[in-house]
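Step one of this worksheet: look at the structure below.
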Amino acid sequence: MRTFKLAAVALAAFVSVPAFAQDAAPAAPADTTPTAPDGSRAFGIEPYIGVMGGWEQFDNERNHGIPQALNADGSLRRGYRLAGALVQGVAGINVPLGPVFVGAEGNLAKGVSGNINWEYGAAGRFGVRAGDSGMFYGKVGYQWVEFDHYSALSTGNTGKKQYGDITYGIGTEFGPKDIGLKGITGNAGVRIRAEVNTYGDFHSFRPMMGLITHF
């Protein structure tokens, strides 16, 4: 009799398990949405603006790079500086593609020392994403450079001379968490940018650094 009762209890338990499983709420499906290494969306559009400062040094040699600055009589203008400090504004968009990204940006720079007057241009960017909103990238574009009081001989006494050529550069962007500051940025906010560019066939050296606000 005892054996019969134990068998009945076991049978009842066996039958009740599937019924209990049917009554339980189904488990939530796993989130399979792809993300970038920094946890942000893997695909989308990220606009940004920024301000940067730096220095540019142009070649100033005969028949190489930017032509030498001349006086009205054709003699070399002593003390003319094809170099100086710059303040630059940038605006653009990034298009995340999983762990990589592509994008485009425009820039406008003003010389604050030397004889560089204005610079402006546009470039495409491409690179990889890493860390908390971090990036490593290359860029290529076209840049126009205007010098003030450049050469009365070659400009018809206008005092300004403008050149345009292809530019290349490499750079990085990183948020405060990436440099150990336990930062305030998440997937949007402020990045620090550092980059180096060159003009034409390596006729200039242009290191820049600044802050980029992305959305």
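The values are calculated or read from the model by the stated rules, or taken from the named source; none is laboratory data. Only a predicted model underlies this, so the values are computations on that prediction, with no experimental measurement involved. All Cβ positions, glycine included, derive from the backbone under ideal geometry; neighbour counts span all protein chains shown. Quick note on the areas: whole protein, heavy atoms, side chains included, nothing else; ligands and nucleic acids left out. Shrake-Rupley method; radii C 1.70, N 1.55, O 1.52, S 1.80 Å.
Residue count for the stretch 175-204 under the criterion of being modelled with pLDDT of 90 or more and either open to solvent by less than 50 Å² (accessible area, probe 1.4 Å) or touching a Leu at 6+ places or on another chain (Cβ under 7 Å) (or both): the result is 8.
Here Thr172 does not fit the description of being crowded, with 19+ Cβ neighbours inside 10 Å and either at pLDDT below 90 or more than 16 Å from Asn107 (Cβ to Cβ) (or both). Which of the residues that make up the stretch 105-118 are under 15 Å from Arg206 (Cα atoms) and either hydrophobic (A, V, I, L, M, F, W, C) or within 19 Å of the chain's Cα centre (by Cα) (or both)? Matches in the stretch 105-118: Asn107, Leu108, Ala109, Val112, Ile116, Trp118.
In the set Asn107, Asn115, Asn60, only one residue is closer than 17 Å to Gly164 by Cβ and out of contact with any helix residue (DSSP H, G or I) (no Cβ under 8 Å at 6 or more places or on another chain); that residue is Asn107.
Looking at the structure I just gave you, is Ala72 among the hydrophobic types (A, V, I, L, M, F, W, C), part of a loop (DSSP other than H, G, I, E, B) and either open to solvent by 10 Å² or more (accessible area, probe 1.4 Å) or over 21 Å from Gly169 (Cα atoms) (or both)? Spelling it out, Ala72 is indeed among the hydrophobic types (A, V, I, L, M, F, W, C), part of a loop (DSSP other than H, G, I, E, B) and either open to solvent by 10 Å² or more (accessible area, probe 1.4 Å) or over 21 Å from Gly169 (Cα atoms) (or both).
On the given criteria, is Gly53 of a type outside the set (Ser, Thr, Tyr), at pLDDT 90 or above and either within 16 Å of Ile192 (Cα to Cα) or open to solvent by less than 40 Å² (accessible area, probe 1.4 Å) (or both)? Taking the combined requirement at face value, the residue satisfies it. Sort out which residues of the stretch 63-114 are out of contact with any strand residue (DSSP E or B) (no Cβ under 9 Å at 6 or more places or on another chain) and of a type in the set (Lys, Arg), and write them in order of number. The one that is out of contact with any strand residue (DSSP E or B) (no Cβ under 9 Å at 6 or more places or on another chain) and of a type in the set (Lys, Arg): Arg78.
Taking Val90, is it surrounded by fewer than 19 Cβ atoms within 10 Å (Cβ to Cβ), under 30 Å from Pro176 (Cβ atoms) and not acidic (Asp, Glu)? No; evaluated as a whole, the condition is false for this residue.
For the stretch 82-120, a tally of residues being closer than 29 Å to Gly138 by Cβ and assigned to a loop (DSSP other than H, G, I, E, B) returns 6.
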